[in-house]
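Structure first, commentary second.
The values are calculated or read from the model by the stated rules, or taken from the named source; none is laboratory data. Only a predicted model underlies this, so the values are computations on that prediction, with no experimental measurement involved. Cβ coordinates were reconstructed from backbone atoms using ideal geometry, including for glycine residues, and neighbour counts include every protein chain displayed. Heads up: the accessible areas ignore ligands, DNA and RNA and are worked out on the full protein's heavy atoms, side chains in. Shrake-Rupley method; radii C 1.70, N 1.55, O 1.52, S 1.80 Å.
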Amino acid sequence: MALVKLQTQNFRNLSPEAVSFSPSFNLLFGANGSGKTSVLEAIGYLGLGRSFRVNRHQAVARHGEQKFTVFGGLDQGRLNADSDQASEELAHRVGLSRDISQKETALRVDGESVRSLSAMARHLPVSVIDPGVFDVVAGAPGKRRQFIDWAVFHVEPSFASAWQQCQRVTSQRNKMLRNGRLDDGLLKVWDAQYAAVSERLTSARQETFTQFRTAFDHLIRELEVSWTEGLKVDLYPGWDVSQSLADVLAGHREQELKMGHTLYGPNRADVRIKFQGRPVSETFSRGQQKTLVILMKIAQGMVLAEKGKQVTFLLDDINAELDDEHQAMLAQRLQALGCQVFITSIQRPSVDHLWGRGMAPEYRMFHVEHGNLIEE
């Protein structure tokens, strides 16, 4: 799917007028504060259910307003359309509104209310490349879990429910571990449930991760990235799999009771990225780390493309993050994947620079000014 129509109300400084986009590339430029990133942020809400910039919904509501709405029209996209041209008929209509004062979120798909964010988000796989994304390499394990879980969610339909069940069981188990008066029999019941759902969750993660690593290895060989020789990317499931998770939990009961929370299982999973045995956060330069994350994001797109799913990439202020060579590499790779792409920059992007003279894909160019998008 590709987002071909966007309309917002009371979302930051964006105009309420509907905007039509290309299912291929969309180039947005304008001064700082003009609303470029806000456009990407609104798109992100439809695919992620949240802002990729801030943690509070209140922050994106226009000043003085207590409710905002984001609506998107989706077509079949470049991977599924009969031609390169976007269909005039929308395949799906998705929307999200948030009432700040009531702390309530309403989700709609094709005019029907849906309770689960996953029911909306699965229609629009959104991948963000902005300054914060480089925490995938240098940040805490939770960032890397989010990275792999995003792909698993879009590859394995049952993953969302298994993940939610695992969160509920983990929460209940943690309450038991924090309880001063432990009911050993009840904890064993929660252990059994936790181990069962963890095995399902981990199996889905491992299957998608294997596909990701195959795509990633192919990509770095094709690009002949010299500094990746000796690079290893592995999935740590959250416990030593030479033992069953049930045995691990039983063997570390006292340790978990002392800490008061679950120490083993999928909530401790990590994508371990090492160069010659050491974490890349310690060995790679900032520039190498940026390139590595970009390659990992492209590899994710390759996995979804093989499943017939088109990713919508949001590239925020790439001039500040990437040099000319890497901007062109990224644009050309995403073109080859058939992705939908939104690129923001302060200066008007050079199409010839990104793709070469006469090689540009179908695209739309927008000048963003005071929250208005003016197509050029």
Going through region 208-233 in order, the residues found to be within 17 Å of Ala269 (Cβ to Cβ), touching a residue at least 40 places away in the same chain (Cβ under 8 Å) and exposed (fewer than 14 other Cβ atoms within 10 Å of the Cβ) are Lys232
Count - residues of region 332-358 that are within 16 Å of Asp130 (Cβ to Cβ) and either of a type in the set (Gly, Ala, Ser) or surrounded by fewer than 20 Cβ atoms within 10 Å (Cβ to Cβ) (or both):
2
Of the conditions (1) at pLDDT below 95; (2) farther than 28 Å from Tyr264 by Cβ; (3) not in a helix (DSSP H, G or I), Gly132 fails just one. Which one is it?
(3)
Select from region 236-275 the residues that are assigned to a strand (DSSP E or B) and either open to solvent by 50 Å² or more (accessible area, probe 1.4 Å) or closer than 16 Å to Gln193 by Cβ (or both) and list them in ascending order.
Tyr236, Arg272, Lys274
Condition first: farther than 19 Å from Phe25 by Cα and at pLDDT below 90. Now tell me which residues in region 292-320 satisfy that.
Ala320
Residues in region 359-371 that are surrounded by fewer than 20 Cβ atoms within 10 Å (Cβ to Cβ), farther than 18 Å from Gly77 by Cα and modelled with pLDDT of 95 or more total 4
Pull up region 150-196, narrow it to residues that are open to solvent by 20 Å² or more (accessible area, probe 1.4 Å) and among the acidic types (Asp, Glu), then point me to the one that is nearest to the chain's Cα centre (by Cα).
Glu156
For region 303-314, check the following and say yes or no: at least one residue is surrounded by fewer than 17 Cβ atoms within 10 Å (Cβ to Cβ), assigned to a loop (DSSP other than H, G, I, E, B) and of a type in the set (Val, Ile, Thr).
no
